[in-house]
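One structure below.
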Amino acid sequence: MEKTLNIPKHIAIIMDGNGRWAKAKNRPRVFGHKAGADTLRKIVKYCGNIGVEYLTVYAFSTENWKRSQEEVSALMTLFKTYINSERKMLLENKVRFMVSGRKEGVSKNLLDAIEKLENETSKEYKMTLNIAFNYGGRAEIIDAIKKARELDEEITEENFSKFLYNDIPDPELIIRTSGEFRISNFLLWQLAYSEIYITDVYWPDFNEEELDKAIYSYNKRERRFGGRIDDK
Ligand code: FPP
């Protein structure tokens, strides 16, 4: 990665294509999700190395409950396993772990493990890994409005993000793998001005080189926030 490149401070990823990747190999969908978790580990480390400050990934949407019970339970188990297996890597690489999403429906056991790792990694960090789990963009907006009402606070465009699940800067770049052109209820408030990069590569095949391509593409574009370039 060239030093002169503008590295997005916050990258968000829709990790799509695990099922199709597994199907192409005649393996069960869960095999694809496990391979996806390996890819995530690689990308977290790489993002830390190149100076990305926030990485948000879509691991389980509020719609994903509609999948077979077998797949839902495999994804829950995989997340718990990921928390245990990555703890050391996250601490060593100074990665703060956080989760965005609704707690309802998630087991107490998993919620406890999440909270423990969130606390452990929050002391000293240079990068934040935000996992969207049991997450829906519309649900997040509704929950934010409820929170503001409970606190009896006025909502403005400027202060709205402080009511969201986690108050972190908006992503400059969103990546979706496996060639789908949809936002799928991801970060609806935060993506207002993000550049979108879509690649045909399935998530388990995504790697450092593919991330570089996304960052190069981001660098080639002009981010004008709806203004004119000569307004500056
Ligand atoms: C989308 O692929 C992927 C998911 C719904 C799950 C994402 C989970 C991981 C990458 C594993 C890492 C997760 C944790 C819990 C840390 P898909 O199943 O929709 O693929 P398809 O569109 O090809 O069927």
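The values are calculated or read from the model by the stated rules, or taken from the named source; none is laboratory data. Remember, predicted model here, so these are calculated numbers, not experimental data. Note that we place each Cβ from the backbone using ideal geometry, even for glycine, and neighbour counts take in every protein chain shown. Calculation scope for accessible area: heavy atoms of the full protein, side chains included, ligands and nucleic acids excluded. Shrake-Rupley method; radii C 1.70, N 1.55, O 1.52, S 1.80 Å.
Only one residue in GLU71, GLU86 is crowded, with 19+ Cβ neighbours inside 10 Å and either in a loop (DSSP other than H, G, I, E, B) or within 11 Å of the ligand (Cβ to nearest atom) (or both). Which one?
Details: GLU71 fails: crowded, with 19+ Cβ neighbours inside 10 Å.
On inspection, the qualifying residue turns out to be GLU86.
Looking at segment 24-52, which of the residues that are of a type in the set (A, V, I, L, M) and open to solvent by 30 Å² or more (accessible area, probe 1.4 Å) is farthest from the chain's Cα centre (by Cα)? Checked segment 24-52; the qualifying residue farthest from the chain's Cα centre (by Cα) is ALA24.
Residue-wise test of (1) under 28 Å from ASN6 (Cα atoms); (2) without any contact (Cβ under 8 Å) to a residue 24 or more places away in the chain.
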position	(1), (2)
LEU129	yes, no
TYR135	no, no
ILE141	no, no
ALA144	no, no
ASP152	no, yes
THR156	no, yes
LYS162	yes, yes
PRO171	yes, no
ILE174	yes, no
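For segment 66-107, filtering for residues that are over 17 Å from the mean Cα position of the chain (by Cα) and touching a residue at least 60 places away in the same chain (Cβ under 8 Å) leaves 0.
For segment 90-133, filtered to residues that are out of contact with any strand residue (DSSP E or B) (no Cβ under 8 Å at 6 or more places or on another chain) and under 24 Å from ASN185 (Cα atoms), the residue that is least open to solvent (accessible area, probe 1.4 Å) is LEU110. Of the residues contained in segment 144-157, none is found to be touching a helix residue (DSSP H, G or I) at 6+ places or on another chain (Cβ under 6 Å), in a strand (DSSP E or B) and of a type in the set (Val, Ile, Thr).
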